[in-house]
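Participant: My questions will all concern the structure given below.
Each value in this text was obtained by applying a stated rule to the coordinates, not by laboratory testing. Worth saying up front: this structure is predicted, and the values here are computed from it rather than measured. With ideal geometry, Cβ positions are generated from the backbone for all residues, glycine too; neighbour counts draw on all protein chains shown.
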Amino acid sequence: MEYLDQDILGNPLKNWIIAFSILGFSYVLGKVIFWTFSNVLQKITAKTKNKLDDILLIKLQRPITFLVVLIAVLLSIKSLSLTKNIEVISLNITYLLFTIVITSIISKVIDTVISEVILPITEKSENSFDNHLVPVIQKAIRAIVWSMGIIIGLDNIGFDITAMIAGLGIGGLALALAAQDSVKNIFAGVMIFLDKPFRIKDRIQISGHDGVVEEVGLRSTRIRTLQGRVVTIPNCTFTESSVINVTSQPALKVTINLGLTYDTDEKGVQKAIDILKDIVLNENAITNDYVAGFNGFGDFSLNILFMYYVKPESHWLDSQTLVNKEVLRRFNKEGLEFAFPTHTIFKKEIN
């Protein structure tokens with residue numbers, strides 16, 4: 001067995017065999033763990049009523065498998081006699097990766113618990129403040145966990161964290177000046193949470209944009225416009241501009257100016273007004289409040305003003321379409337003609 005003591009790159013052959021055996025075993029163990037997560041544990045958790053364990057298994061199977069491999073790499077390095085520089089660099093990289101994986105596991109666990117346990121509870125509450133605040137807290141906790149993980153990882157590999165923090169303090173003023181817009185948006189985001197001018201899924205109008213609120217963050221808010229596009233608006237815009245919350249209005253007011261031809265008699269005008277009243281009373285999408293009347297003589301038409309209100313739960317465009325089609329159908333049925341711009345020219349012959 002003397003050949004096992006042969007020196008290869010400063011280590012006996014048996015040490016190299018041990019090191020590679022550890023790596024090989026960890027690879028097989030990692031495969032077994034991954035298979036166990038995918039085929040055994042997931043079948044067990046699928047029988048439970050709670051989805052939290054299912055999601056945790058899916059999110060943690062890869063990090064845990066990678067963690068086993070890192071532990072094997074660490075043991076392999078320890079089993080070899082390497083030069084000091086190579087050993088220090090190898091161990092530092094391994095420790096840093098180890099810290100990143102642990103941080104990732106902690107972050108995924110916290111993130112999953114908030115998403116699957118806390119967030120559904122807040123969505124059931126009537127307070128919209130919770131719905132806005134929980135996603136922001138979730139992002140903040142994620143940022144804190146990763147910041148702490150990076151600091152601990154750098155500290156473990158020999159970085160002077162105290163000096164780094166002091167250096168950040170020196171450059172803090174310059175950073176604050178450069179990030180003043182971001183700070184302004186963050187404070188504006190806090191004001192949105194406190195004032196609550198709108199909620200998630202509310203339709204709002206601001207700075208020429210009209211859409212439904214999809215996400216409210218600390219720095220910006222995303223709305224999906226009626227055309228289907230997602231617009232990201234800085235939060236400071238909401239404190240500097242007027243916001244119209246379309247969803248909060250009790251009903252949507254719709255104004256229509258109808259013009260009848262001048263050959264329509266008094267009975268025809270009254271018939272038109274009665275038709276409009278009947279449409280209001282028989283259309284479920286609109287309220288019973290309305291205004292309909294003969295409000296003036298136009299250049300080429302007898303003008304009838306018609307105002308009605310669409311119910312909040314009804315679709316604003318579909319409701320107007322139904323009303324307009326009914327007006328067109330009923331007016332045509334009664335022989336009431338709509339006026340359009342016309343000119344009458346009298347020609348006089350000069351002898």
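Participant: Separation between the residue 261 and residue 281 pseudo-spin-labels, each 7 Å from Cα along Cα→Cβ, expressed in nm?
Facilitator: Label at residue 261, label at residue 281, 2.9 nm between them.
Participant: Let me ask you something else. Please list the non-local residues whose amide H lies under 5 Å from the amide H of residue 210, H modeled 1.01 Å from N, same-chain partners needing a gap of 5 or more.
Facilitator: Result for residue 210 returns 226.
Participant: Okay, moving on. Roughly how compact is the stretch 184-245, stated as its Cα Rg over 2.2 N^0.38 Å to two decimals?
Facilitator: Working: Rg = 10.3 Å, N = 62, 2.2 N^0.38 = 10.6 Å.
The stretch 184-245 yields a ratio of 0.98.
Participant: At what distance in nm do the modelled label points of residue 151 and residue 346 sit from each other, each positioned 7 Å from its Cα along Cα→Cβ?
Facilitator: Label-label distance for residue 151 and residue 346, simple model: 9.2 nm.
Participant: Mind listing the phi-derived Karplus ³J(HN,Hα) values for the stretch 244-251, rounded to whole Hz, using 6.51, -1.76 and 1.60 with θ = phi - 60°, and x for any glycine or proline?
Facilitator: Running phi through 6.51 cos²θ - 1.76 cosθ + 1.60 with θ = phi - 60° gives 9, 8, 5, 5, 6, 5, x, 7 Hz.
Participant: A further question on this structure: Along the Cα→Cβ direction, 7 angstrom out, place labels at residue 253 and residue 338. What is the inter-label distance in nm?
Facilitator: 2.4 nm
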